[in-house]
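To start, the structure under review is shown below, and the notes come after it.
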Amino acid sequence: MTGAGRTGSEGGPPRPRRRRPLAARALVAVAVLASLGFAAMAGWMLRAATLEPLDDQRRQQQLAFLDRALDSGAAEQSQRIFPEGFVFQHALTGLAHATPALPGDQRALAAARTALRAVDSPAGTERFGVADPPSGAFHAGWSLLLAVQVSRLSGQAADAGAVQARSRRALDSVRNRLDRDGSPFLDSYPGQSWPVDTVVLVAALAQADAEVGVEGASSVVDRWRSAASELADPTGLLAHRTRADGTALDGARGSSQALIQTFWPDIDPLGAADSYSAFLAQFADRCAGLVGIREYPLGRRGSGDVDSGPLVDGCSASATAVTLAAAVRAGDLPFAATLDRQAELAWTPTRTDGRRYAGGLLPVADAFLAWARAQPVGPGPQRDTPHVAWGWWVGLPAATSVLCGVLAVLAVRRLRRSGPLREGVDA
C-alpha cells in the first residue's frame, strides 16, 4: 500500500502528535530543584541541631579567621560601624585566645599581648576623652581584662605589677565616685554613662584581685555592688544608660544586660544565678521560630540602634549572641547549646581562611561569638530555659522536599502519558 502517510483510524487525514508543553517541563524541573534544595536545607538544619555544642575546634577555626582579619584591617572596619569597634575587635579576639588557655601557652599569650598593645595604642584610646578613669570606664574595663590574662599566662612579675598598677588607678576612680555619693557608674565618654561599662570594669578588678592580689579591691567591689543594686529596677536589673545621679535614662535592655550577666558572677557570685534568671524572664523569647533575646523587656517596644543592631521580631542578634557567654558563665549549658547551634544555623559558617560567619562581613560579630564560646563554665542554674523545637525546624523542609519530589514524579508520569515529544505526521 502506498500513500503520503498513515491515516487515522477512520481513514481521514493524519493527526499531529502534541509536543509536551514547555511550561509543564519547566514545572517538573522546578519541582526537582526545589526538592533537592529543601532536602539540602533539612540536612543543614539537622547538622546544626546535632553539633557538639561549644566545640573548641570550631573556636580555633574562628580564631584563625579573626587573626587574619585583624591583619587585613578588621578593627578599623569595625570602628567605622561601631563607636567602640576597634577596641572590641582586638579585645574580644585576644580574650577568645587567652581565656581557655593554660598558663605558659605562648600562642595565647602572644595574642593577648598583641590585643593589649592595640587597645592601649592611640587608635584605641583617643576617641574616649575621659580622664577618670583614664580613657573612660569602657576602655579601662576591657584593657584590664586583657592585662589580667597576660599576667596569668606569662607568670611574670612585671606583668603582675602592671595589673596591680592598672587596678589601683581603676580602684581610685571607683572609690572616688562612690565617695561623691552620686552615681556609682563611671563615664565612658564625657558626661555619658552606660552601667554595663562599669560592670565590666568592676568585674575586671575582681579578676585582678583573684589573680595577683590588689589591696582594697574586694571591699570596693562589695561597696560598688551594694550601691549599684540600690539603683536596679524592681526585677534587680540595671539600666542601659543613666544620668549623673544614677537614675535611668533608658531602662534595662537586652544588648547591655547580656554583657552584665556575663560579668556579674565575678562581682556577685552568690546573687548571679538570681540575676540571670531575672534577665531571662524579662528578655528571653521566641523570635521568628527561634529562641532569641529581646532588646526591650517583654511587653515593651522600641527600635534598634547601634547597640542592638536591627531587630527581628523584637529580638537583637547581638544580644542573643552575647547571651551565649552569659549562659556559659551561669552554667546553663542546655540554653548555651541551643544558642550555639542556632548560630551555626542562622549565620551559615564557611571555612575560607578559617571559620567565618555570614561571609565574614562583620568580623566583630565573629569575635563576639568566639569570645562567648571561650567563657569558663559556671556551676549551673536550677531552672528551665527556652529551647528550639529542632524537630519542627528539620521536619518542615524535609516534608516540603518530599512533597516537591512527589509532585515532580506525578508530573513526569502525566507527561509520559501525553505521547511523544515531536509534533506532525510520520513519514
Checked THR338, THR262, THR348 against criteria (part of a loop (DSSP other than H, G, I, E, B) and either at pLDDT 90 or above or surrounded by fewer than 24 Cβ atoms within 10 Å (Cβ to Cβ) (or both)); the one match is THR348
How many of the residues in the stretch 359-403 are modelled with pLDDT of 70 or more and surrounded by 14 or more Cβ atoms within 10 Å (Cβ to Cβ)? 17
Is at least one residue of the stretch 304-316 among the charged types (D, E, K, R) and either out of contact with any Gly (no Cβ under 8 Å at 6 or more places or on another chain) or under 14 Å from ALA372 (Cα atoms) (or both)? yes
Looking at the stretch 280-300, is at least one residue farther than 30 Å from ARG180 by Cβ, among the acidic types (Asp, Glu) and either outside the structural domain of PRO195 (by TED's automatic domain parsing) or assigned to a helix (DSSP H, G or I) (or both)? yes
All positions within the stretch 238-273 that are more than 23 Å from the chain's Cα centre (by Cα) and closer than 25 Å to ALA317 by Cα: THR242, ALA248, LEU249
Filtered residues of the stretch 129-152 (kept if more than 26 Å from the chain's Cα centre (by Cα) and either assigned to a helix (DSSP H, G or I) or at positive phi (or both)): GLY129, SER135, SER151, ARG152
Could you pull out the residue among GLY155, GLY141, GLY85 that is within 22 Å of ASP209 (Cβ to Cβ) and crowded, with 16+ Cβ neighbours inside 10 Å? GLY141
May I ask you to list pairs of residues, at least six apart or on different chains, whose Cβ atoms are under 8 Å apart, with the first in the stretch 203-230 being assigned by TED's automatic domain parsing to the domain that holds VAL150 and assigned to a loop (DSSP other than H, G, I, E, B) and the second being crowded, with 22+ Cβ neighbours inside 10 Å and not small (Gly, Ala, Ser)? VAL214/VAL163; VAL214/LEU171; VAL214/LEU205; GLY216/LEU171
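The values are calculated or read from the model by the stated rules, or taken from the named source; none is laboratory data. None of these values were measured; they are calculated from a predicted model. Using ideal geometry, Cβ is built from the backbone for each residue, glycine included, and neighbour counts are taken over all protein chains shown.
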